Amino acid sequence: MITASQFLTPARELGFNFYTGTPCSYLKPFINYVIDTDGFEFIDSVNEGDAVAIAAGATVGGKRAVVMFQNSGLGNAVNPLTSLTYTFNIPVMVITTLRGEPGGPADEPQHELMGQITIAMIETMRLKWAYFPQTDSEVAPALKLADEYMKQTNQPFVFVMRKDDIADYKLQKKPAPSKKDISITHTDHFNLDYKARTTRTPVLEALQKEMGLDAAVIATTGKTGREFYEVGDQKNQFYMVGSMGCALAFGIGLALVRPKLKVVVIDGDGALLMRTGSMATAGAYKPKNLVHILIDNEAHDSTGGQGTVTGSVSFGAIAAGFGYESIYSTDELTVFTELLKKLKSNNETTFVHLKTQKGSPEKLGRPKVTPAEVSVRFTEFVQA
C-alpha cells in the first residue's frame, strides 16, 4: 500500500496534472488528494466514456491527462478507447480499478463478471497495462514504463488498481456552492416548414467562411465531418470519425486547457442524444471559449436517414437547465450566419440549436487525410 502523494507527486513531475473521471471507493483517496492539492486539476465527468474524450481533448491541447474510473465503467469507455485515442494516436493514462477481482475480497454481485474479464478486455483492446504499484519502490519504475510507452507509441497506458493499493485520504475541500441561476429560461425560435429549411452543407460553408482559422473546430462523426472536409480541408478542423457522442466532451477538454483559443464543436442530434450528459459538464465548468453548435436534422443521416426523436426535444431548454450562459435556437440559415459574427467574439459558454432538413451531396466522399494526420496537424494548430 502506498499513499496517494507517493504516486501523484512524481507523476506531476512527469507532467501528469490533468485528471478526470468518475468515482470508485478504491479510487476515493486518489481523487480526494487530486482535488485537495495545488498543481492538479480535476474535472468531474458524468461517465467514463466522456472522461476518456475530455482527457483526449486536454492532451491535444498540451496537457498530460489521466482518466480514472471503476472497472464496471470500462465498458462505457470501450468506444472512445478504440475509436478516438487509438485511431487518432492520443496518449492518455488510464487508471481503472479491479472490483470483483477473482480470488480477491468479497464484492457486490454486479462486479463478479466484470472482475473476471477486466484484464481480458484491456488486452483485447490492445492496450498496454500493468498493476498499480503497491510499494514506494515500485512507483518510479511503473511511471517510467507508462511514460516511455506513451511517448514511443502515442497510445494510452492502463494501470489496474486493486483494493487497498492506496491508503485512505479524506477530502478536505468542501464543494463550492452552486452559482446556477435557476431562473434561466429559453424559447425555441423555429419558424420554417421542414422542407423550407437548409441542409447541412450550407451551414458548414457559412461556419468555415466566418470562422476561418480563428477557431479550433471539431466536427462530430458521420456525414458532418465528411461534408466539412468537402467544404474545404483546413488544419484547424478535427473530423471525429468515430466515438459517436464524444465531440462535445473532447471539445470541453480542449477548451479548458486552451482558454484563449475559440473552440467550436459541431454536433449532431443523434450523437448528442447518445451523450447528452456532457452538456452538464459544459454548463458546470463553463469554458468561456466554447461554442457548441447542434445541427439537428431529426435523422441519422449517415446510416440511411432513420429518424431520431428530436422533433419533440427542446435542446435549448436543456442547455438552459444545464447552465449554458448564451443559448440560441433557429431554423433559418440567414439568422445563423449573422449569429456567427457575434460568436467569434463572445466570451460565454454558448449553445446554438439549428434545425435543418436531412440530405447531403449525392457523391459525398470521405476525408483523404488520415485520422493520425488530422491529429498531428490539429495538435500543432491548437498549441501554436
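The values are calculated or read from the model by the stated rules, or taken from the named source; none is laboratory data. Nothing here was measured: the structure is a model prediction, and the numbers come from that model. Every residue, glycine as well, gets a Cβ built from its backbone with ideal geometry; the counts of neighbours run over all protein chains shown.
Applying a threshold of 8 Å to beta carbon distances and a minimum spacing of six or more residues, or different chains, the list of pairs starting in region 24-39 at a residue that is not assigned by TED's automatic domain parsing to the domain that holds ASP107 and ending at one that is part of a helix (DSSP H, G or I) and of a type outside the set (Lys, Arg) is empty. Answer yes or no as to whether GLY75 is surrounded by fewer than 24 Cβ atoms within 10 Å (Cβ to Cβ) and on the phi > 0 side of the Ramachandran plot. Answer is no for this residue.
With respect to the conditions (1) farther than 22 Å from THR349 by Cβ; (2) hydrophobic (A, V, I, L, M, F, W, C); (3) assigned by TED's automatic domain parsing to the domain that holds GLN306; (4) in contact with a strand residue (DSSP E or B) (Cβ under 7 Å, 6 or more places away or on another chain), ILE166 falls short on a single one, namely (3). Comparison of VAL264, VAL257, VAL309 shows that the only residue that is under 21 Å from ALA206 (Cα atoms) and touching a residue at least 24 places away in the same chain (Cβ under 8 Å) is VAL264.
The residue that is surrounded by the most Cβ atoms within 10 Å (Cβ to Cβ), counting only those in region 86-120 that are among the β-branched types (Val, Ile, Thr) and under 19 Å from ALA51 (Cα atoms), is VAL92. Checked against the criteria, SER83 does not count as in a helix (DSSP H, G or I), touching a helix residue (DSSP H, G or I) at 6+ places or on another chain (Cβ under 6 Å), hydroxyl-bearing (Ser, Thr, Tyr) and buried (at least 17 other Cβ atoms within 10 Å of the Cβ). Just wondering, is there one or more residues in region 296-318 that are in the same structural domain as GLY242 (by TED's automatic domain parsing), at pLDDT 95 or above, assigned to a strand (DSSP E or B) and buried (at least 18 other Cβ atoms within 10 Å of the Cβ)? For region 296-318, residues in the same structural domain as GLY242 (by TED's automatic domain parsing), at pLDDT 95 or above, assigned to a strand (DSSP E or B) and buried (at least 18 other Cβ atoms within 10 Å of the Cβ): absent.
Would region 266-275 turn up any residue that is assigned to a strand (DSSP E or B) and surrounded by fewer than 24 Cβ atoms within 10 Å (Cβ to Cβ)?
Step one: of region 266-275, the residues assigned to a strand (DSSP E or B) are 266-268.
Next, only the ones that are surrounded by fewer than 24 Cβ atoms within 10 Å (Cβ to Cβ) stay: none.
Within region 266-275, none of the residues are assigned to a strand (DSSP E or B) and surrounded by fewer than 24 Cβ atoms within 10 Å (Cβ to Cβ).
Tell me, please, whether a residue that is in a helix (DSSP H, G or I), assigned by TED's automatic domain parsing to the domain that holds ARG64, free of Cβ contacts under 8 Å to residues at least 40 places away in the same chain and over 28 Å from the mean Cα position of the chain (by Cα) can be found in region 150-162. Scanning region 150-162 turns up no residue that is in a helix (DSSP H, G or I), assigned by TED's automatic domain parsing to the domain that holds ARG64, free of Cβ contacts under 8 Å to residues at least 40 places away in the same chain and over 28 Å from the mean Cα position of the chain (by Cα).
If you go through region 329-341 and keep only what is touching a Lys or Arg at 6+ places or on another chain (Cβ under 9 Å) and outside any loop (DSSP other than H, G, I, E, B), you end up with SER329, THR330, LEU333, THR337, LEU340. Here ASN236 does not qualify as closer than 17 Å to GLU348 by Cα, touching a residue at least 12 places away in the same chain (Cβ under 8 Å) and in the same structural domain as GLY316 (by TED's automatic domain parsing). Taken together, the residues in region 78-105 that are over 17 Å from PHE18 (Cβ atoms) and in contact with a strand residue (DSSP E or B) (Cβ under 8 Å, 6 or more places away or on another chain) amount to 4. Filtering region 86-137 to residues that are within 23 Å of the chain's Cα centre (by Cα), touching a residue at least 60 places away in the same chain (Cβ under 8 Å) and in a loop (DSSP other than H, G, I, E, B) leaves TYR86, THR87, PHE88, ASN89, ILE90, PRO91, VAL92.
The one condition from (1) buried (at least 16 other Cβ atoms within 10 Å of the Cβ); (2) within 24 Å of GLY311 (Cβ to Cβ); (3) assigned by TED's automatic domain parsing to the domain that holds ARG377 that VAL231 does not meet is (2). Checked across region 340-348, the condition of being in contact (Cβ under 8 Å) with a residue 12 or more places away in the chain and among the hydroxyl-bearing types (Ser, Thr, Tyr) holds for no residue.
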